[in-house]
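Read through the structure below, which is laid out as structure tokens, and then see the notes.
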Amino acid sequence: MKTLFLKILLAVIETMGLASWFYTVGQRWMIEPRRPHDGWNAVRFRKRSSPILTILVAHRVNEAPDPFRGGLAPKLFQAQLEHLARFYRFYDLQEAVSLLWRGALPRNALVLTFDDGYRDNFDYAFPILCSVGVPATIFLTTGPLDDPEHSILWHDMLFDTFRSAPPQAMELDGRWFDLASLTDRQRALFAYRQHLRRFDATTWPSRIRELRKRLGLSPDDIIHGYEKLTWDQVHKMAAQGITFGAHTVTHPILTCCAPSTARQEIRASHEALRKALGEEPIAFAYPNGSRKDFNDSVIAMVRQAGFTCAVSTIAGTNHQTTDRYALRRIQFPCGTNPRQNSARLAWLMLNDAVSS
Ligand SMILES: [Zn+2]
């Protein structure tokens with residue numbers, strides 16, 4: 001019923017020629033609490049005094065989207081981009097951030113980023129980005145590019161484990177998890193990720209291999225569908241204007257490893273990009289990127305490595321005063337079809353002062 005109402009509302013808005021206003025209203029106006037901590041109990045509309053920067057984060061575009069790793073079918077990805085491009089102007093991350101700091105960002109700016117550097121970014125997303133004329137920044141986990149024989153990251157191995165395990169019950173910290181339905185598997189995966197956080201992140205790959213053995217999967221099965229980009233593909237995309245940032249070497253959660261390991265992961269990924277592309281990378285993306293996945297000490301390491309900004313996955317938009325080492329992003333897509341995605345995006349822009 002709610003979906004039908006939304007469909008009708010969006011159709012009416014487009015028919016009346018209000019789409020441009022509707023989809024970009026959040027860039028001019030904001031909903032904010034009347035007093036701090038009021039939340040949704042008492043809100044008011046306020047005109048924004050300066051533009052906001054909205055950065056989208058995607059991972060994968062491919063023909064067989066994986067419920068454990070997300071992803072978007074190429075046709076839908078293209079339709080989403082074409083719809084957004086009618087109302088927003090896409091910028092490269094570096095250019096947008098620099099315009100934001102100088103107070104010169106246009107009100108309809110949008111940035112698209114990809115994390116991890118999956119091969120399908122080249123195979124499917126890249127041709128579409130070129131044909132629609134949308135720039136993007138890809139955050140590379142550099143280990144797999146330097147060592148393609150080991151291109152499967154720990155979280156790929158984990159997603160594959162909960163996707164491929166035979167239906168059975170699994171014990172974890174005294175609790176039993178069923179692996180019958182997709183929901184059961186996603187619940188068990190979430191619990192296992194929480195369980196891993198109790199241990200140093202460098203031990204996670206061996207723990208996951210152990211789990212695979214326990215669930216009847218070969219610890220070192222070749223896992224298809226998680227292949228990463230090659231440097232050759234990176235160079236081809238760079239020649240067409242795609243930009244690249246760093247995302248560590250092996251994708252550890254930086255607050256779950258020793259400071260020396262975290263520093264090395266950050267520095268080595270900076271160096272790998274500098275060497276391969278011949279210029280200093282300016283942007284870094286924290287693996288996983290939620291509030292608990294980076295802290296002041298990690299931010300200091302990122303700054304010392306030479307990056308001038310860093311993105312998280314904390315949901316929201318960015319202002320001139322937003323910490324440039326904790327830029328917020330919005331998951332893309334945030335709606336199932338192009339209109340819903342644009343409407344939801346507009347809604348998130350409008351109310352991020354309340355929800356953040
Ligand atoms: Zn990542």
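The values are calculated or read from the model by the stated rules, or taken from the named source; none is laboratory data. What you see is a predicted model; the values in this text were computed from it and never measured. For neighbour counting, all protein chains shown are included, and Cβ atoms are generated from backbone atoms with ideal geometry for every residue, glycine included.
Things to note:
- If you go through region 287-304 and pick out every residue that is within 16 Å of the ligand (Cβ to nearest atom) and of a type in the set (S, T, N, Q), you end up with 2.
- Take the conditions (1) touching a Pro at 6+ places or on another chain (Cβ under 8 Å); (2) more than 29 Å from A239 (Cβ to Cβ); E265 misses just one of them, which is (2).
- Yes/no for D120 being within 27 Å of H150 (Cα to Cα), out of contact with any Phe, Trp or Tyr (no Cβ under 9 Å at 6 or more places or on another chain) and in contact (Cβ under 8 Å) with a residue 40 or more places away in the chain: yes
- Matching option when the condition is more than 16 Å from the ligand (Cβ to nearest atom) and on the phi < 0 side of the Ramachandran plot, among A96, A136, A58: A96
- Qualifying residues in region 149-175 (those that are hydroxyl-bearing (S, T, Y) and modelled with pLDDT of 85 or more) - the one surrounded by the most Cβ atoms within 10 Å (Cβ to Cβ): T161
- Listed here are the strands (runs of 3 or more DSSP E) enclosed by region 114-186 that have at least 2 residues being farther than 18 Å from A272 by Cα and of a type outside the set (A, V, I, L, M): 175-178.
- Every residue from region 40-60 that is surrounded by fewer than 11 Cβ atoms within 10 Å (Cβ to Cβ) and small (G, A, S): A42, S49
- You will find that of F307, F332, F284, the residue that is within 15 Å of the ligand (Cβ to nearest atom) and modelled with pLDDT of 95 or more is F284 and no other.
- Residue within region 245-255 that is small (G, A, S), modelled with pLDDT of 95 or more, in the same structural domain as Y124 (by TED's automatic domain parsing) and within 19 Å of H59 (Cβ to Cβ) present: yes
- Check on D115, closer than 17 Å to A285 by Cα and either crowded, with 19+ Cβ neighbours inside 10 Å or within 16 Å of the ligand (Cβ to nearest atom) (or both): yes
- Single residue of E95, E32, E82, E63 found to be in a loop (DSSP other than H, G, I, E, B), surrounded by fewer than 21 Cβ atoms within 10 Å (Cβ to Cβ) and not polar (S, T, N, Q): E63
- Residue-level check: of (1) loosely packed, with under 13 Cβ neighbours inside 10 Å; (2) modelled with pLDDT of 90 or more, D146 misses just (1).
- Some residue of region 247-260 being part of a helix (DSSP H, G or I) and either away from the ligand (no atom under 16 Å from the Cβ) or among the charged types (D, E, K, R) (or both): yes
- Residue under evaluation T203, criteria (1) within 30 Å of K275 (Cα to Cα); (2) of a type in the set (S, T, Y); (3) in contact (Cβ under 8 Å) with a residue 40 or more places away in the chain, criterion not met: (3)
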